[in-house]
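Peer 1: The structure that follows is given in the form of C-alpha cells.
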C-alpha cells in the first residue's frame, strides 16, 4: 500500500504519523513544495518576536523523526494529479503512483488590488522566507504598516510590537477582527491598541503604495492620510489551495468538499486542513476552518480512513483565542447568534471587559469575551456538550459571568461529575 500526502503542514504530518501507527509496512510519502522541513505557519510570529529560532517552527525534529518512522519527505511541487491512473506528476518531471492520496495543500494569502504591492518593501507573513524578509526590515524604531487586523493580522501585530517598531494598522472593517468579534469587542481591542501606541485606522483602506527613496515607501489611505514606512505587511485573508484538483472531477466549493471520513468525491482521495471544506460543529454545514486544531484533527481522521480503520469527523467548533499586547479575546461557536435566539452581555469599556453569550432555546451556542479570561474553557465546554441549561439560562441572562456555576450545576444534574 502506497500512501502519498501532498502538503507538509500540521495536517500532513499528523496524517503520516497516524498512518505509520496503523500500518508498519505501508509506504508513506509527504510531498511539500518549500525548501524547509515541515513547519508550523502559526509559529512564525514567535520567530518574528525572537521567542524562538527558525528551527523552533519545525513541527518535528527533521534529522531523526521522519527517518525513524520510515516516512519519506520529498521537497517538490506537484504539478498534476491523474486520478484515473492514480499518479502524480512532479515539477522535475518525475511521477509517483499512489493507492491512497491525501491533499493537505493548505491555503495562500490573498491581497486586495493595491498599486505598489510588488515593491520590495511589501511582504505577506505566510512562509519562513516571508519571516526572514520581515526581520530584515522590521528594525526597532522603523515605521511599519500592517494591512488587515483580522485574526492573522493581530498575531502578526503582537510580534511587530515586540520588535519595537512604530506600527500603523489599516483595517477595512469597522472594527478589529470582524470575523471573530462583534462591534463592542472589536472596539475594545482597537481602543486598547491605540492606548498602547499603535495607530489603528478602522473603516479605512490603503489606496496605494509608492517608492519614496532611501528604501522607504509612502502609504496612501482612503481617509486622506499618508505616511512613510520601511515595511508594509499584508494580512487580508487566505484562500484554499484547490487549484491542484482542477480538471480531476474532484468536487470543490470554497475548499475541497469532504465527507465525515475526510473523503473527497474520489473514493481514493482525501483532503484535510485549510484546503478541506468539512463539517462545522455548530451548523452541520460544510465550511473551511483555517485553524491548526482543525487541521490536525482532519489529518488524523483522514489517515485512519486511508488505512481502513474507519472513524468519522463530527465537526470542529469554530474557536479563536488572541493575546493582543496583554488583552485576551476569544470567540466560540455561533458567537454572532442565531435567528430567533437570545443573548446576554456584560460590557465595561473602562476596564476593557466584555462577555457575550448567545442562546438557541436553553442551549449555549456561541460566546465571545474580551479581558475576562476566567473559565473561558468552560464556555467552550458548555457549547460542545450541548447541555440543556434549563433554569440556568435565565440566571446567565442576568449574570453572564456565572458560567462555571452553570456548568457545575448542569453537569452534576446529568451525572457527569
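The values are calculated or read from the model by the stated rules, or taken from the named source; none is laboratory data. Just so it is clear, the structure is predicted and the values come from calculations on it, not from any experiment. So basically every Cβ, Gly included, is an ideal-geometry build from the backbone, and we count neighbours across all protein chains shown.
Peer 1: State all residues of the range 313-330 that are surrounded by fewer than 22 Cβ atoms within 10 Å (Cβ to Cβ), touching a strand residue (DSSP E or B) at 6+ places or on another chain (Cβ under 9 Å) and part of a loop (DSSP other than H, G, I, E, B); if no residue qualifies, say none.
Peer 2: Of everything in the range 313-330, those that are surrounded by fewer than 22 Cβ atoms within 10 Å (Cβ to Cβ), touching a strand residue (DSSP E or B) at 6+ places or on another chain (Cβ under 9 Å) and part of a loop (DSSP other than H, G, I, E, B) turn out to be 314, 315, 317.
Peer 1: Scan the range 165-178 and tell me whether some residue there is closer than 16 Å to residue 230 by Cβ, touching a residue at least 24 places away in the same chain (Cβ under 8 Å), part of a loop (DSSP other than H, G, I, E, B) and not assigned by TED's automatic domain parsing to the domain that holds residue 356.
Peer 2: yes
Peer 1: Are any of the residues in the range 288-299 over 25 Å from residue 365 (Cα atoms), buried (at least 20 other Cβ atoms within 10 Å of the Cβ) and in contact with a helix residue (DSSP H, G or I) (Cβ under 7 Å, 6 or more places away or on another chain)? Spell out how you get there, then give the answer.
Peer 2: Keep residues of the range 288-299 that are over 25 Å from residue 365 (Cα atoms), which gives 299.
This time we only want the ones that are buried (at least 20 other Cβ atoms within 10 Å of the Cβ), so: 299.
Going one step further and asking which of them are in contact with a helix residue (DSSP H, G or I) (Cβ under 7 Å, 6 or more places away or on another chain), we end up with 299.
For the range 288-299, residues over 25 Å from residue 365 (Cα atoms), buried (at least 20 other Cβ atoms within 10 Å of the Cβ) and in contact with a helix residue (DSSP H, G or I) (Cβ under 7 Å, 6 or more places away or on another chain): present.
Peer 1: Scan the range 93-120 residue by residue and report those that are part of a loop (DSSP other than H, G, I, E, B), over 25 Å from the mean Cα position of the chain (by Cα) and crowded, with 18+ Cβ neighbours inside 10 Å.
Peer 2: 98, 116
Peer 1: Give me a count of the residues in the range 358-381 that are part of a strand (DSSP E or B), within 23 Å of the chain's Cα centre (by Cα) and farther than 11 Å from residue 331 by Cβ.
Peer 2: 1
Peer 1: So which of 303, 344 ends up being outside any strand (DSSP E or B) and at pLDDT 95 or above?
Peer 2: Exactly one residue qualifies, and that residue is 303.
Peer 1: Take the residues in the range 243-274 that are within 17 Å of the chain's Cα centre (by Cα) and within 19 Å of residue 5 (Cα to Cα); name whichever of them is surrounded by the most Cβ atoms within 10 Å (Cβ to Cβ).
Peer 2: 273
Peer 1: Would you check which residues across the range 226-245 are under 28 Å from residue 273 (Cα atoms), touching a strand residue (DSSP E or B) at 6+ places or on another chain (Cβ under 8 Å) and not in a strand (DSSP E or B) and list them?
Peer 2: Hits for the range 226-245 are 235, 236, 237, 241, 242, 244, 245.
Peer 1: Surrounded by fewer than 17 Cβ atoms within 10 Å (Cβ to Cβ), assigned by TED's automatic domain parsing to the domain that holds residue 390 and either at positive phi or in contact with a strand residue (DSSP E or B) (Cβ under 6 Å, 6 or more places away or on another chain) (or both): is that true of residue 333 in this structure?
Peer 2: So residue 333 does not fit the description; no.
Peer 1: So which of 26, 15 is over 27 Å from residue 134 (Cα atoms) and over 20 Å from the mean Cα position of the chain (by Cα)? Steps first, please.
Peer 2: On the way: 15 fails: over 20 Å from the mean Cα position of the chain (by Cα).
The unique qualifying residue is 26.
Peer 1: Still on this model: Do we have any residue at all in the range 268-279 that's over 26 Å from residue 162 (Cα atoms), in a strand (DSSP E or B), modelled with pLDDT under 95 and touching a strand residue (DSSP E or B) at 6+ places or on another chain (Cβ under 7 Å)?
Peer 2: The answer is yes, given that some residue of the range 268-279 is over 26 Å from residue 162 (Cα atoms), in a strand (DSSP E or B), modelled with pLDDT under 95 and touching a strand residue (DSSP E or B) at 6+ places or on another chain (Cβ under 7 Å).
Peer 1: What number of residues within the range 95-117 satisfy the criterion of being farther than 30 Å from residue 303 by Cβ and at pLDDT 95 or above?
Peer 2: Here the count works out to 4.
Peer 1: Filter the range 179-197 down to the residues that are modelled with pLDDT of 95 or more and either surrounded by fewer than 18 Cβ atoms within 10 Å (Cβ to Cβ) or within 15 Å of residue 219 (Cβ to Cβ) (or both) and list them by number.
Peer 2: Listed by number, the residues that qualify are 183, 184, 191, 194, 195, 196, 197.
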